[in-house]
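Enquirer: Have a look at this one.
The values are calculated or read from the model by the stated rules, or taken from the named source; none is laboratory data. Model, not experiment: these values are computed from the prediction. No Cβ is skipped: glycine too gets one built from the backbone with ideal geometry, and neighbour counts run over all protein chains shown. Ligands, DNA and RNA are excluded from the accessible area calculation, which covers all protein heavy atoms including side chains. Shrake-Rupley method; radii C 1.70, N 1.55, O 1.52, S 1.80 Å.
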Amino acid sequence: MDTLLHTPTSMAKRPCSFPSSPSPSPNPNMNNQLDNLLRTFLNLADSPSLSIDHSFEHLLESSPCDADKSLLIDRALKLGSLLLEAGKRSARKRSSVHNSLTWALPPDLTIKVLSMLDTQSLCYAAATCSMFYKCAMDPLCYANIDLTTVVPKVNNAVVSTMIQRAGKALLSLKLGIVPGPIMSRGSCQPMVYGIQNAVEVSNFSWNDKKTRQGKESSILSRSCLNPLSGDSGAAGAVLRGLHLYNIERIDNTSLCGALSACPSLLDLEIIGLHVELRQTLVSVSMNCPLIERLFFESSKTGRDDSLKSPTCVELVNNCPNLTSLALRGFKLYDYKLRILVKGFRKLKYVDFSTSYSITGSFLRNLGGNIGGSLLEVMILRDCIHLKELEVARLLTSVLAGDFKYLQHLDISNREGLAAAGDSYGRCYSSSIIPMKQVLEERPEICLLAEFPSEGSFIDISQMTDSDLNSEVSLSSLLSSIASDGSSFMYTSESNYSSDQTSGNEEGRDSGYVVCEESSDEYDYLLG
């Protein structure tokens, strides 16, 4: 039995090898016949269409049954479709070969050129030929994504596709609706712009807002920033700039979630979003320690007073590299701004335009060796509680040698400044503000002071020597008002729909009292 089971190796059978059937090789004669037939068939394109129709109808009539006629029609349609696709493919190949021969740049330099285009131009270029399309798919071309539009026509799917194409190369992202070209730094024009505004100035249809079967809405939703957190946050991890304009559906939760995925963010611009100032600054403080520029314009001018002093202190301590700060349209108080302006040691640019409750007292004792000394741009346009007396103090300190780097100062106000010594008065032409002296001694400063025409508009070129001599009363006026203990707390005129008081007297955070602190007290506050 064992002998039977054990077969000697010498007796082992080898598998028989069967000759493999040769693969059919193309028949040259058959190919030649097919080429000749196709050439003859294509020559019929020059024949009148009527003769081809008659020939095809005659062929159908010669068929014995309806099934054969249907088969002939299907074959004609299939053959026509095959020829059409073959013609398109050949045309694309010829164009690609032509472009590769005539385009002087190699692929790497082509990608470099395409990466310099804005997002819309890049998409147009990618649609021209397959060579540009291949180059345009490189992640470097999507490093700076700009999907801002005048009317709503970008949805979440577009944003997600662009971010996925960029991947880890994404450096900046701009989304939302803007009223026109992005303004230059230092512009005071408000950019809050709702969807209703976009509809009124364009042919945009409200039906495009709705999600219909087979068509996604053209409105960005609260989840439009989710791709920044996808793929373990790969896209958001390297993002340097994030600009969001008038996206009505983004809320505090979605914005804070996006910021948590952007630890390397340097430039944040938020305009017209329905988000709270305090929560946004808390999120920036926690997640964006490297931030250098923060621009935040409220969608509800003067109604957001959520900012608290501890939030200001945390922002100063956690974001020490901030050089540009703009908080426009919020209800801010001087003692909170003092924490910010005095705390950011590298601050060069501030813009508090259209902010309520600012009297200007936060500017006292700034511009020296402590906080505020590096300021180059200061914009206080249309701050309705800004006081004539505090502006006079500021310019006097400029004449005294403070704010050595100041280049641009805007104190314009469409309602005039709050008059000194008059709780409800407005000042359109001040005799105590040394504007002409500042322009003479600091000619490098661009000083803007535009006031309404119904007042006495300040025309510096027409100021006489007698007007300048009247400025000597500034020091006496300052001392006399300061001595009564009122600390320059005036109210604005009664025709404002906002609170008549500046809010600095009673608006301090409960349980967090901050007085006009000295530098030592301020350093203690910052801990």
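Enquirer: What distance in nm lies between label points placed 7 Å from Cα along the C-beta direction at residue 104 and residue 290?
Expert: 3.8
Enquirer: I've got another one for you. What are the trypsin sites (Lys or Arg not before Pro) within the range 360-409 that DSSP puts in a loop, where the Cβ has at most 16 other Cβ atoms within 10 Å?
Expert: Passing sites in the range 360-409 are 364, 404.
Enquirer: What does the charge add up to near residue 146, with Lys and Arg as +1, Asp and Glu as -1, over the other residues with Cβ less than 15 Å from its Cβ?
Expert: Taking every other residue near residue 146 into account, the sum is +1.
Enquirer: OK, next. Evaluate E = 1/(1 + (r/R0)^6) for residue 133 and residue 253, where r is the Cβ-Cβ distance and R0 equals 41 Å; express this FRET efficiency to the nearest 0.05. Before the final figure, lay out the partial values.
Expert: Values: r = 38 Å, r/R0 = 0.92.
E between residue 133 and residue 253, to the nearest 0.05, is 0.60.
Enquirer: What spacing in nm lies between the two simple spin-label points modelled at residue 231 and residue 58, each 7 Å away from Cα in the Cβ direction?
Expert: 6.2
Enquirer: Count neighbours as other Cβ atoms within 10 Å of each site's Cβ, and list the trypsin sites (Lys or Arg not before Pro) in the range 247-313 that are DSSP loop with at most 12 such neighbours. Provide the component values of the computation, followed by the final result.
Expert: Numbers: sites: 249, 278, 293, 300, 303, 308; in loops: 249, 300, 303, 308.
Sites meeting the loop and neighbour criteria: 300.
Enquirer: Could you calculate the contour length gain from residue 157 to residue 118, that is, 0.36 nm times the residue separation minus the distance between their Cα atoms, to one decimal place in nm?
Expert: 12.2 nm
Enquirer: For the range 245-377, what size does the Cα cloud have along each of its three principal axes, sorted from largest down, in whole Å?
Expert: 43, 30, 24
Enquirer: For a Förster distance of 60 Å, can you work out the FRET efficiency between the beta-carbons of residue 414 and residue 36, rounded to the nearest 0.05?
Expert: Computed FRET efficiency for residue 414 and residue 36 comes out at 0.10.
Enquirer: Ignoring everything but the protein chains, give the 1.4 Å probe accessible area of residue 274 in square angstrom, nearest 10.
Expert: 90
Enquirer: I would also like to ask the following. Work out the count of Lys pairs in the range 28-166 where the Cα-Cα distance is under 16 Å, with the pair 8 or more places apart or on different chains.
Expert: Number of lysine pairs found: 4.
Enquirer: Sort 127-134, 256-263 for me by packing, meaning the mean count of neighbouring Cβ atoms within 10 Å per residue, highest on top. Walk me through the intermediate numbers first.
Expert: Details: 127-134: 14.5, 256-263: 20.5.
The most tightly packed comes first, giving 256-263, 127-134.
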